[in-house]
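Asker: The structure is given below, and queries will be raised subsequently.
Every number in this text was worked out from the coordinates using simple rules, so none of it is lab data. Since the model is a prediction, treat every value here as computed from it, not as a measurement. For neighbour counting, all protein chains shown are included, and Cβ atoms are generated from backbone atoms with ideal geometry for every residue, glycine included.
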Amino acid sequence: MSTNFGGGFHVAPGRTVDASAYESWTGRWSRLFVPSVRTAAKVATGARVLDVSTGTGEAARLALPIVGASGLVVGIDISTAMLKGARGRLQA
């Protein structure tokens, strides 16, 4: 994947994606609305969840304890830097 791939509103053109900067700004807003999205999606024990455009993994993080060991949560993102940030947050 190209190192230039993955820019967007959270990174200036030609700059490297900074997952920690994203988390400190956009991530905090995600924490406000993700619980409502999770409820609307009726995430339950054993569910399979696909977190598209996971960013630093907030929706995946909130889904994990609900789906439990019998469920599956997968986070995907166009930016490898965001995936590394999410992986770092969710290692446990």
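Asker: Under 13 Å from the Cβ of Gly55, count the other residues' Cβ atoms, weight Lys and Arg +1, Asp and Glu -1, and hand me the total.
Answerer: In short, +1.
Asker: What FRET efficiency comes out for the pair Ala41/Arg87, r = Cβ-Cβ distance, R0 = 30 Å, nearest 0.05?
Answerer: With a Förster radius of 30 Å, E is 0.85.
Asker: Once fully extended, how much extra length lies between Ile76 and Leu50, figured as 0.36 nm per residue of separation less the alpha-carbon to alpha-carbon distance?
Answerer: Here the answer is 8.6 nm.
Asker: OK, next. Calculate the all-directions average of the projected area of the range 27-82's alpha-carbon convex hull, and give it in nm².
Answerer: Computing the convex hull of the Cα atoms and averaging its projections yields 3.6 nm².
Asker: Let me ask another. Please work out how much length the chain gains when fully extended from Thr16 to Phe33, using 0.36 nm per residue of separation minus the C-alpha to C-alpha distance, in nm with one decimal.
Answerer: My answer for the length gained is 3.4 nm.
Asker: If you count, for each residue, the other Cβ atoms within 10 Å and average over each peptide, how do 71-84, 33-46 line up from highest to lowest?
Answerer: 71-84, 33-46
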